[in-house]
């Protein structure tokens, strides 16, 4: 999968929630405190990434171009938690 | 002197307008008036709550501190009953008068009632607000059998709720297919099969003639126009929305089923704008008036309206909406205006994969994708840019369609 560079300094960083593409995993339970997005709330770009996600669960999207954050849940064909 | 903005309605259109107004006009007076008893919540997630899959908390988007933090005056439980455009005033049900310099009407709609005998029986639900969802959830969890009426995008939410709650159901439809104005029999059959797998049986050429109820006024069955009886202690109805235009009576604000606005969300009054479900907007892509109830469209309309309330002509509403269904293990997405057009093209690729595009004057004006949403971006781009795809319709529905497959001017996209 693609390796993302920092958009500011072109150097790889180690902060995975900032510089790597989100990974989604199916979940069945949603705790009260999490942020939940319906698929229709997402940008066309993020929707495309979700609709074409591979078995690895990694979204093919620039992490700075999506509003998804670690811990969020997305309602799509099933519930996915963003890792 | 600071401007005074009043927004009627705290759905996503009204709330996004308030947020934009505050960004654009830090010193303005901003008031939101809503007849609901709670601040903005996520209307497209309440079905998940009613299914029993989501707790209440994530459904709420704003608590009252959101408004306090932005110095927005939120007025709950208040129904606006009268508008005086000349005086620039609104009157609420309790007689309170509100003055405005610029007004935004984001007043949405109310579920259409089924005009049949006993349609007000206890146990018959409409589905629009968060409170409706709470009532539905509480009831369906106790129900034994159900009937759902309304073969469209809202009706299928009710059918999915009954399925998710493990309640056997009949889904009564007037024609021979679910959402027959947008889907062919091939496409609809994918949905029908998914419903059957979840113990919800579509019943075609049906509908409701009347309901039966017991001595306590509780619904017991739906009787369709053929005389067939469907026992049900839960009934869900979603046959459309009546847009809340009654407060326009006595004004000369132009409206039909919704409020007429231009591409800047302005009505025929310079100081009155509208946004969200309630608008019949000038769709610059379609070239005619249109209505759209999708979440993203309403949010964008609220933002655009606010910008033009501050500086008219500064932002145009140019948008291809989409609406997805997330009830099944295959994805479903409609975009644009799939029920319009003068021709269409469709293809079925498997038992759970199908596409249809609606074409008007040689251009895509909408579509439905089932099973594979990956072409969405390409089709929306062609629609947004009003590309003439005449003579290339079969190319459009190739399973692995790429924009490069198009020939002539269309290939330049």
Worksheet item: Out of curiosity, is residue B:96 free of Cβ contacts under 8 Å to residues at least 60 places away in the same chain and in contact with a strand residue (DSSP E or B) (Cβ under 8 Å, 6 or more places away or on another chain)?
Response: no
Worksheet item: Of the residues B:179, B:128, which is within 22 Å of the chain's Cα centre (by Cα) and on the phi > 0 side of the Ramachandran plot?
Response: B:179
Item to complete: Filter region A:19-44 down to residues that are facing another protein chain (nearest Cβ under 8 Å) and not in a loop (DSSP other than H, G, I, E, B), then give me how many there are.
Response: 6
Worksheet item: Residue check, residue B:336 against (1) touching a helix residue (DSSP H, G or I) at 6+ places or on another chain (Cβ under 8 Å); (2) surrounded by fewer than 19 Cβ atoms within 10 Å (Cβ to Cβ), all met but one. Which one?
Response: (2)
Worksheet item: So, in region B:339-372, of the ones that are surrounded by fewer than 24 Cβ atoms within 10 Å (Cβ to Cβ) and either in the same structural domain as residue B:287 (by TED's automatic domain parsing) or under 17 Å from the mean Cα position of the chain (by Cα) (or both), which residue ends up nearest to residue B:386 (Cα to Cα)?
Response: B:340
Practice prompt. For residues that are under 19 Å from residue B:5 (Cβ atoms) and part of a loop (DSSP other than H, G, I, E, B), tally how many sit in region B:228-261.
Written response: 2
Worksheet, complete the sentence: Of the listed residues (A:56, A:69), the one being touching a residue at least 40 places away in the same chain (Cβ under 8 Å), under 24 Å from residue B:54 (Cβ atoms), more than 9 Å from every other protein chain (Cβ to nearest Cβ) and in a loop (DSSP other than H, G, I, E, B) is A:69
Discussion item. Being surrounded by fewer than 22 Cβ atoms within 10 Å (Cβ to Cβ) and either within 26 Å of the chain's Cα centre (by Cα) or modelled with pLDDT of 95 or more (or both) is true for just one of B:133, B:92. Which residue is that?
Written reply: B:92
Item to complete: Quick one: count up the residues across region A:72-83 that are more than 8 Å from chain B (Cβ to nearest Cβ) and part of a loop (DSSP other than H, G, I, E, B).
Response: 2
Worksheet item: Could you list, in sequence order, the residues of region B:205-227 that are surrounded by fewer than 17 Cβ atoms within 10 Å (Cβ to Cβ), in a loop (DSSP other than H, G, I, E, B) and in contact (Cβ under 8 Å) with a residue 24 or more places away in the chain?
Response: B:205, B:209, B:216, B:217
Worksheet item: If you go through region B:96-104 one residue at a time, do you hit one that is touching a helix residue (DSSP H, G or I) at 6+ places or on another chain (Cβ under 7 Å) and away from every other protein chain (no Cβ under 14 Å)?
Response: yes
Item to complete: Search region B:184-196 for residues that are outside the structural domain of residue B:339 (by TED's automatic domain parsing) and at pLDDT 95 or above and pair each with any residue that is assigned to a helix (DSSP H, G or I) and crowded, with 23+ Cβ neighbours inside 10 Å when their beta-carbon atoms are under 7 Å apart and the residues are at least 6 apart or on different chains.
Response: B:195/B:159
Item to complete: Only one of these is under 22 Å from residue B:46 (Cα atoms) and modelled with pLDDT of 95 or more: A:24, A:75. Name it.
Response: A:75
Practice prompt. Look at residue B:288 and say whether it is free of Cβ contacts under 8 Å to residues at least 40 places away in the same chain and on the phi < 0 side of the Ramachandran plot.
Written response: yes
Discussion item. Against the definition (surrounded by 15 or more Cβ atoms within 10 Å (Cβ to Cβ), touching a helix residue (DSSP H, G or I) at 6+ places or on another chain (Cβ under 9 Å) and modelled with pLDDT of 95 or more), how does residue B:107 come out, yes or no?
Written reply: yes
Response to the item:
Of (1) closer than 30 Å to residue B:4 by Cβ; (2) part of a loop (DSSP other than H, G, I, E, B); (3) within 14 Å of another protein chain (Cβ to nearest Cβ), residue B:300 satisfies every one except (2)
Worksheet entry | Options B:256, B:252, B:329; residue that is farther than 25 Å from residue B:359 by Cα and within 14 Å of chain A (Cβ to nearest Cβ) | B:329
Practice prompt. For region B:42-74, name all the residues that are closer than 17 Å to residue B:7 by Cα, crowded, with 19+ Cβ neighbours inside 10 Å and either touching a strand residue (DSSP E or B) at 6+ places or on another chain (Cβ under 6 Å) or free of Cβ contacts under 8 Å to residues at least 24 places away in the same chain (or both).
Written response: B:67, B:72, B:74
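The values are calculated or read from the model by the stated rules, or taken from the named source; none is laboratory data. Since we're looking at a predicted model, the values are computed, not measured. Cβ coordinates were reconstructed from backbone atoms using ideal geometry, including for glycine residues, and neighbour counts include every protein chain displayed.
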